[in-house]
Amino acid sequence: MTWDELKLQCENCQKCPLHETKTNTVFGTGNQNAKLMFVGEAPGEQEDLSGIPFVGRAGKLFDQYLEAVGIERDEVYIANMLKCRPPKNRDPLGTEQDVCIDYLREQVRLVKPKLIVCLGRISAMRLIRPDYKITAEHGKWVKKGDFMITAVYHPSLLLRDPRKKEDMLTDMLDVAKKYRELS
Ligand code: URA
């Protein structure tokens with residue numbers, strides 16, 4: 001499947017009820033040949049309105065970490081587990097993840113990243129291990145198929161609990177170091 005076919009399929013998706021309440025599909029953004037890919041949870045209000053992942057408050061904080069560790073937003077690929085916004089930003093249901101994950105899998109197949117970073121526990125529990133514990137395991141890398149994968153705190157958690165910002169910076173510096181070692 002090509003990018004255009006995948007994007008179109010995603011935009012016309014009716015596999016779960018979220019398509020009824022969304023404004024825009026939030027497919028993903030960035031470099032389609034990126035060596036580094038970030039995977040968040042699901043679009044929030046600003047993402048739903050703009051069709052672009054991580055542009056709201058949490059996204060702006062995430063941008064600050066990218067800048068702090070010297071990574072340009074458009075050199076990486078940024079996607080979410082879910083492409084449509086869950087009402088009132090509730091956690092994605094298992095059933096929604098089950099039907100949406102195929103789009104993400106196909107994105108990973110097309111981008112072929114060497115490093116994947118889960119933003120938050122929801123994507124870590126899906127992409128790393130169902131019993132993943134973000135507090136204990138954030139920043140640890142695991143080899144999976146053709147890529148290495150880790151998870152860092154979700155930026156929206158950092159907005160609620162700023163004490164975790166120090167760990168986030170440490171993890172993001174490590175992500176940047178691993179990324180630079182690739183080239
Ligand atoms: N939170 C996410 O997980 N993804 C977004 O795109 C925005 C907020």
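Taking Lys22, is it closer than 22 Å to Ile128 by Cα and modelled with pLDDT of 95 or more? Working first, answer last.
Working: closer than 22 Å to Ile128 by Cα: no; modelled with pLDDT of 95 or more: yes.
No.
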**Asked** Which of the residues belonging to the stretch 97-119 are touching a residue at least 40 places away in the same chain (Cβ under 8 Å), of a type in the set (Val, Ile, Thr) and under 23 Å from Cys16 (Cα atoms)?
**Response** Val99, Val108
**Complete:** In the set Val152, Val175, Val111, the lone residue that is within 14 Å of the ligand (Cβ to nearest atom), surrounded by 16 or more Cβ atoms within 10 Å (Cβ to Cβ) and not small (Gly, Ala, Ser) is Val152
**Asked** Which ones in the stretch 17-68 are within 10 Å of the ligand (Cβ to nearest atom), assigned to a loop (DSSP other than H, G, I, E, B), touching a residue at least 24 places away in the same chain (Cβ under 8 Å) and of a type in the set (A, V, I, L, M)?
**Response** Val26, Ala42, Ile52
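The values are calculated or read from the model by the stated rules, or taken from the named source; none is laboratory data. Since the model is a prediction, treat every value here as computed from it, not as a measurement. Quick reminder, even Gly has a Cβ in these numbers, built from the backbone with ideal geometry, and neighbours come from all protein chains shown.
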